[in-house]
Amino acid sequence: MTILDGNKISNDIKDEIAKEVSLMVANGEKTPHLAAVLVGTDGASMTYVNAKVKACEKIGFNSTLIDLPEDTTEEVLLEKISELNTNDDIDGFIVQLPLPKHIDEQKVLMAIDPDKDVDGFHPTNVGKMALDLPTFLPATPYGIIELLERYNIETSGKNVVVMGRSHIVGRPMSILMSQKRKAGDATVTVVHSRTKNLDEITKKADIIVAAIGISEFLTGDMVKEGVVIIDVGITRVPDETKQRGYRLAGDVHFESVSKKASYITPVPGGVGPMTIAMLLKNTLLARERHRG
Ligand code: GUN
């Protein structure tokens, strides 16, 4: 069993980007600049956004964190997005999800200029992704593709089961894996909360991408020997033995599944750091595109 080391691969990618940035800057070009908008004080969202901003500093990008209170109105948020759309110094920006319930998420995502939408969530970019046209690929699926590629995991003709149909992970992942690409050409099945005989399907999978948001849902008895496991889940599970009062768990029961897997991502240290690396890659791409 091989651990798919997202920390290592993401550091490799960040090193590659840092080299490109120093070349750009040495050539007198503008430094790439990512902005992140956070609304409210959700603990996990704050952790993710801070990690994104810190990663920018580490590789030589400029970054701006726009921290808005929980009771921010949709109107004020849309105004902020409009400012970011027109600010030439900002190459790309993200609005961290989920948003507070009183804000229409779809309306917000649609207000982002597709050329600055480094999360790849705008319908224009989702459409381009589905049609295999050049665009910003959503960071988590992009990170998974990159991880599979860099470990030379064969996907062509394999049975891939994507667990979950979210707009951020499951849906784009299923589209990308079915396309003609190095980590693609797979036969993809999407399973979700209404799927019947789930374990009959997961047992036939050569590769499983678990993105359902239920901690330790996928157990060893649901998979076959040699399966490749990508665990997208990250949930805080109460744990009194830990000083912070919780531990992080994935959607996969690591102990039982890892006994049968040929490759598996850990949580933390698997998909999470890859997501951040690919967001930076998209920001570099945005800068290169704005250069014209
Ligand atoms: N919330 C969970 N994942 C993501 C992501 O990739 N981007 C944004 N903006 N919000 C998220």
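What net charge do the residues around residue 238 carry, taking every other residue with its C-beta under 14 Å from that of residue 238, with Lys and Arg at +1 and Asp and Glu at -1? Here the charged neighbours net out to +1.
Hull volume per residue, based on the alpha-carbon atoms of region 1-61 and their convex hull, is 79 Å³. Between residue 92 and 33, 35, the built amide H atoms are under 5 Å apart, and every one of these is 5 or more places off in sequence or on another chain.
Note on region 43-88: the C-alpha convex hull projects to 3.9 nm² when averaged across all orientations. Straight-line cross-link partners of residue 260 among the aspartates and glutamates, defined as a Cα under 13 Å from its Cα and at least 8 positions apart when in the same chain: 206, 221, 225. Each peptide among 80-91, 244-255, 224-235 gets the average number of other Cβ atoms lying within 10 Å of its residues, and from highest to lowest they stand as 224-235, 244-255, 80-91. Share of pairwise Cα-Cα distances greater than 21 Å in region 162-282 is 39 percent (whole percent). Under the Kirkwood approximation applied to all pairs of distinct alpha-carbon atoms, what is the hydrodynamic radius of the chain in Å? Averaging 1/r across every pair of different Cα atoms and inverting gives 19.8 Å. In region 144-214, the alpha-carbon atoms span a convex hull of 84 Å³ per residue. When the chain is treated as a GNM, springs tying every alpha-carbon pair under 10 Å, which of 111, 186, 139 comes out with the largest mean-square fluctuation? Most flexible of the set in this elastic network: 111. Based on the Stokes-Einstein relation at 10 °C and a viscosity of 1.306 mPa s, and on the Kirkwood radius from alpha carbon pairs, region 133-173 is assigned a translational diffusion coefficient of 141 µm²/s.
Peptides 114-124, 54-64, 199-209 ranked from most to least packed by the mean count of surrounding Cβ atoms within 10 Å: 114-124, 199-209, 54-64.
Equivalent ellipsoid of region 76-222: semi-axes from √(5λ) of the C-alpha gyration tensor, largest first, are 32, 19, 12 Å.
When the surface is traced with a 1.4 Å probe over the full set of protein chains, residue 258 keeps roughly 20 Å² accessible. Using the rule -39500 (n - 2.57) for each DSSP H run of four or more residues, divided by the residues of the chain, the 222 nm mean residue ellipticity is -12500 deg cm²/dmol. Per residue, the accessible area of the chain comes to 47 Å², computed with a 1.4 Å probe over protein heavy atoms only. Applying a threshold of 20 Å to the alpha-carbon distances of 158/182; 128/180; 14/58; 54/80 flags 54/80 as lying beyond it.
With a cut-off of 13 Å between beta carbons, the residues surrounding residue 267 carry a summed charge of -3, where Lys and Arg count +1 and Asp and Glu -1.
Need one number: the % of Cα-Cα pairs in region 1-129 sitting beyond the 19 Å mark. More than 19 Å apart: 56 percent of the Cα pairs in region 1-129. Structural descriptor for region 207-292: relative contact order 31 percent, calculated from alpha carbon pairs under 8 angstrom and at least 6 residues apart.
The accessible surface of the chain, taken with every protein chain in place and a 1.4 Å probe, is 51 percent carbon and sulfur. Expressed to the nearest 5 percent, the antiparallel share of DSSP beta bridges inside region 35-127 is 0 percent.
Taking the inverse of the mean 1/r over every pair of distinct Cα atoms in region 68-116 gives a Kirkwood hydrodynamic radius of 11.2 Å. Round to the nearest 10 and give me the degree value, 0 to 90, for the angle of helix 74-86's Cα axis relative to the longest principal axis of the chain. That works out to roughly 70 degrees. Under the simplified labelling scheme, the residue 133-residue 246 pair shows an inter-label distance of 4.0 nm, with each label point 7 Å from Cα along Cα→Cβ.
The values are calculated or read from the model by the stated rules, or taken from the named source; none is laboratory data. Computed from a predicted model, the values in this text were never measured in an experiment. Quick reminder, even Gly has a Cβ in these numbers, built from the backbone with ideal geometry, and neighbours come from all protein chains shown. SASA here: full protein model, heavy atoms, side chains in, ligands and nucleic acids out. Shrake-Rupley method; radii C 1.70, N 1.55, O 1.52, S 1.80 Å.
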